[in-house]
Amino acid sequence: MNNTKIISEWLGSGSINVFGMPFAGKDTQGRHLAKDLGAVRLGGGEILRNSVIPKHITELTNAGKFAPTDDYIRIVLPYLSKREFEGKPLVLSSVGRWKGEEEGVMSALEAAAHPLKAVIHLEIDESTVRERWRESLHIGDRGQRADDAEHLLDTRLNEYYTKTIPVLETYEKLGLLEHVSGLGTKEQTYQQILKLLQNRASA
């Protein structure tokens, strides 16, 4: 039985949430994982950007900051229980990035029959963030995102350190967190993810 088959049977209709610094590869790895597991991929930031949202949220996200928790929960969490996702696993990209939001995310997932089974943390350093930002700017692979401006990288990193690291600490305490180096190639990183998920599936 191959890795993805083992993981799929363990995951069922559950969910995996992927976190990391900006440009850590969350969307890339999430798309790969969702494809191989037959899962639906959902990103909190994408949901916000593709929703009709109040002006103050747009201004915050365009400035590299997180949406206020109350607004985030109201807009994003209902997506987790969409009927079209019933019976399917979910691969989430940084859904619930601000300390305290993880509780609402886990509750919403449980209620929607997509219980959170694992959290992946893609670890890179700040120099890699800036290197990948330059590469992305050169190839133009992320569209016209206002928060991808160079002067906002420090703001986005500060949001990650002050608001998201405590979320990851909670998942660590719950035994859900897996640390993965995101410094290798995309394939090397992906194989690390599969190995860790297979270990969980086989435990």
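At a glance:
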quantity: Debye log10 I(q)/I(0) at q = 0.09, 0.15, 0.17 Å⁻¹ for the stretch 3-193, Cα point scatterers; calculated: -0.31, -0.91, -1.19
quantity: Stretch gain in nm, segment SER51-ALA111, where the contour uses 0.36 nm per residue and the Cα spacing is subtracted; calculated: 19.3 nm
quantity: Length added when fully stretched, TRP10-LYS173, from 0.36 nm per residue minus Cα-Cα; calculated: 56.5 nm
quantity: FRET efficiency, GLU126 to GLU59 (Cβ-Cβ, R0 35 Å, nearest 0.05); calculated: 0.85
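No lab work stands behind these numbers, since they all come straight from the coordinates. These numbers come from a predicted model, not from an experiment. Because the Cβ atoms are built from the backbone with ideal geometry, glycine has one as well, and the counts that use them run over all protein chains shown.
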